[in-house]
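Notes for the one structure printed next.
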Amino acid sequence: MKTPIYGLMAEFENPTALAAAARHVREKGYRRVEAYSPFPIEEVNEALGLHHNRLPLIVLCGGILGGLTGYLMQYYVAVIDFPINIGGRPLHSWPSFIIITFELTILFSALATVLGLLGLCGLPMPYHPVFNLPRFALASRDRFFLCIEARDPLFDRHDTAEFLSSLRPREVSEVAH
Amino acid sequence: MSDDQRDTRSIQSGRPTVIAPGHTFGSVTDKISSIVLTRRTPLFWFVPFLVASALLMVFLAAVAYLFVRGVGIWGIRVPVMWGWAITNFVWWIGIGHAGTLISAILLLLRQSWRNSINRFAEAMTLFAVACAGMFPLLHLGRPWLFYWLFPYPNSMGVQPQFRSPLVWDVFAVSTYATVSALFWFVGLIPDLATLRDRARNPLAKATYGILAMGWRGAASHWQKYETASLLLAGLATPLVLSVHTVVSFDFTVAIVPGWHSTIFPPYFVAGAIYSGFAMVMVLAIPLRAMYGLEDLITMRHLDNMAMVMLATGEIVAYSYFFEAFIAWYSGKPLEMFAIWNRMTGPYAPTYWLLIFCNLVFPQLLWWKKIRTNIVWLFVMSLDVLLGMWLERYVIVVVSLHRDFLPSSWGIYSPTIWDVATYVGTLGLFFFLFFLFIRSMPMISIFEVRTLLPQAEVTEGVEK
């Protein structure tokens, strides 16, 4: 028996070929599919059914948390912890708290964006099987890859390889674990 | 659209293409990454780097002496207690704004030409903010106690005054520095992965590998990455406008004639972008010539940037005019005196030089011949940088030197330590900038790939 593999990787020359292949693979019913490209390609996302992600929600939560932190911090300091009576002016002088509230909203949202991005992408990831393929280094240069993972229910080492070859890739290779 | 159609279109419109024709994904990757990875570090890198390092030493000496003797080594005396320090602060932070404008606002406006200039413009932002941050810190008197500006539980039983624009500034500038750094780093991740995959030197490979965090260009990652870029751009856009607005609040919230004006926030933001684009130009023109990047940073980029300079310059001109008009129209003797003193007082030559640098000379940018001549553009950019520095000098010094009572009038002049600190931050800026162009891709490789005609999916994927 052969050793189990991570998946089968097909290499394409251009984004059009990758997008077409991605569409065919999805039409065939494969779901554990990932495309790799040196730049974002909208058509590939569409072909793979990638429409929404939760990042905006995470950022919204970060922003709300930042705004509350900013305002409550100033309220606590100016009204509760260190009240200064200046000619009887109100301690809760909200207009002058707006700016720092705004700045902390932006700061927390931006931190949430970056941490959320890394979290949703599972980065940092010190090891990933796709890098076992020597030619995969070109995915960050000028080549376009499509990988059907072995855990896909329709995956069959022989049939899937043949199907990928029928999409006219430059080559199809097995990705070791 | 095919290559031919694109070329025809650009010929018809009479404008050069964003990226010179003939490039492939591989060639742009190799060209940009080879500057960092394989090409010998050129002499024109070493010479400016050594000069910048020497100036950085001047900065360290000036700061060390400041720590020993205090801010009295500068020319600041009552009534002009802000002097060069705050002038330089506003100047530097303004320069940073162009980087954020290019990376965030132009991204939201889908100005794809920005893709080949945003990386080093963002780096410029980061380093300019670092230089800017030095001045209010050093100007504190006891810089080592800067953390008193943040609210934290302390044994002194006191807290910062959140109604003060100076505390707003602390939050605005530190948020700006953090968000700019995040934006810059997120933009770098795919390119760091490219460098990781192309580096031969094991140390370089490991370093870029750790920084790239295992980025592999997966479609599901790209999709989130694009969302993140848009969100960061959307956050950075109001942020950058707010930062110089808050900086202008440092002035406008005070009742000093010549400062207390509602026109300051937009006028400061426009001025910031004006000087920032001038600095991008000052950096881009020699870089593209030295590293042979004329095909990636084309005349179209310089032309566009010159037009942004011209537009923001006109806003600045309008603000100068209105500042004077409102002073007259208000009928307030103090306001009228402040403006009249600017034009005819002891600092009149500075004011008129500023008017020449920011208003008169840049009008040449209306001519396409000037906008497409790199020598003229370089001179023009230096002129605008000088003009915008003088503008802040005039705002800070001329407004302060005539206090409300003539008995408190004074004259400000900088000392050698003012000059050393300012020139020193120029050293710090260029020191960091040259380290950056040596160790990181100065042009965003993956975004330039998307500018190539081959990047478009052409056929066979209709739904």
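The values are calculated or read from the model by the stated rules, or taken from the named source; none is laboratory data. This one's a predicted model, so the numbers in the text were calculated from it and none came from an experiment. FYI the Cβ positions are ideal-geometry reconstructions off the backbone, even for glycines, and counts take in every protein chain you see.
General observations
- Considering region B:132-144, the residues that are surrounded by 14 or more Cβ atoms within 10 Å (Cβ to Cβ) and part of a loop (DSSP other than H, G, I, E, B) include one that is farthest from the other protein chains (Cβ to nearest Cβ), namely B:His139.
- A:Phe108 being facing chain B (nearest Cβ under 9 Å), of a type in the set (Phe, Trp, Tyr), surrounded by 14 or more Cβ atoms within 10 Å (Cβ to Cβ) and not in a loop (DSSP other than H, G, I, E, B): no
- Within region B:193-219, being closer than 18 Å to A:Leu138 by Cβ, aliphatic (A, V, I, L, M) and in contact (Cβ under 8 Å) with a residue 12 or more places away in the chain holds for B:Ala193, B:Leu195, B:Ala199, B:Ala212.
- Scope region A:47-59; condition without any contact (Cβ under 8 Å) to a residue 12 or more places away in the chain, more than 8 Å from chain B (Cβ to nearest Cβ) and not in a loop (DSSP other than H, G, I, E, B); matching residues: A:Leu57
- Residue under evaluation B:Leu230, criteria (1) within 14 Å of chain A (Cβ to nearest Cβ); (2) free of Cβ contacts under 8 Å to residues at least 12 places away in the same chain; (3) surrounded by fewer than 18 Cβ atoms within 10 Å (Cβ to Cβ), criterion not met: (2)
- When B:Ile411, B:Ile445 are screened for being on the phi < 0 side of the Ramachandran plot, facing chain A (nearest Cβ under 9 Å) and touching a Pro at 6+ places or on another chain (Cβ under 9 Å), only B:Ile445 passes.
- Tally, over region B:145-186, of residues that are within 7 Å of chain A (Cβ to nearest Cβ), under 26 Å from B:Thr252 (Cα atoms) and assigned to a helix (DSSP H, G or I): 6
- Residue in region B:107-119 that is part of a helix (DSSP H, G or I), at pLDDT 90 or above and out of contact with any Ser or Thr (no Cβ under 9 Å at 6 or more places or on another chain) present: no
- No other residue among B:Trp84, B:Trp91 is within 30 Å of B:Met290 (Cβ to Cβ), in a helix (DSSP H, G or I) and touching a residue at least 12 places away in the same chain (Cβ under 8 Å) apart from B:Trp91.
- Scan of region B:210-225 for residues that are at the interface with chain A (Cβ under 9 Å from one of its Cβ atoms) and either touching a Ser or Thr at 6+ places or on another chain (Cβ under 6 Å) or surrounded by fewer than 20 Cβ atoms within 10 Å (Cβ to Cβ) (or both), ordered by number: B:Ile210, B:Met213, B:Gly214, B:Gly217, B:Ser220
- Whether a residue is farther than 25 Å from A:Gly62 by Cα and more than 9 Å from chain A (Cβ to nearest Cβ) was assessed, and B:Ala193 does not pass this test.
- Unmet criterion (only one of (1) more than 30 Å from A:Ala139 (Cα to Cα); (2) more than 10 Å from chain B (Cβ to nearest Cβ); (3) modelled with pLDDT of 90 or more) for A:Met1: (3)
- For region A:82-94, the count of residues that are at the interface with another protein chain (Cβ under 7 Å from one of its Cβ atoms), assigned to a helix (DSSP H, G or I) and not small (Gly, Ala, Ser) is zero.
- Among all positions in region B:32-42, there is no residue which is closer than 30 Å to B:Ala236 by Cα, assigned to a loop (DSSP other than H, G, I, E, B) and within 27 Å of the chain's Cα centre (by Cα).
- Here region B:303-359 is the region considered, the condition is being under 29 Å from the mean Cα position of the chain (by Cα) and among the charged types (D, E, K, R), and the residue that is nearest to B:Leu390 (Cα to Cα) is B:Arg342.
- The residues of region A:4-45 that are within 10 Å of chain B (Cβ to nearest Cβ), buried (at least 23 other Cβ atoms within 10 Å of the Cβ) and either assigned to a strand (DSSP E or B) or of a type in the set (Asp, Glu) (or both), listed by number, are A:Ala35, A:Tyr36.
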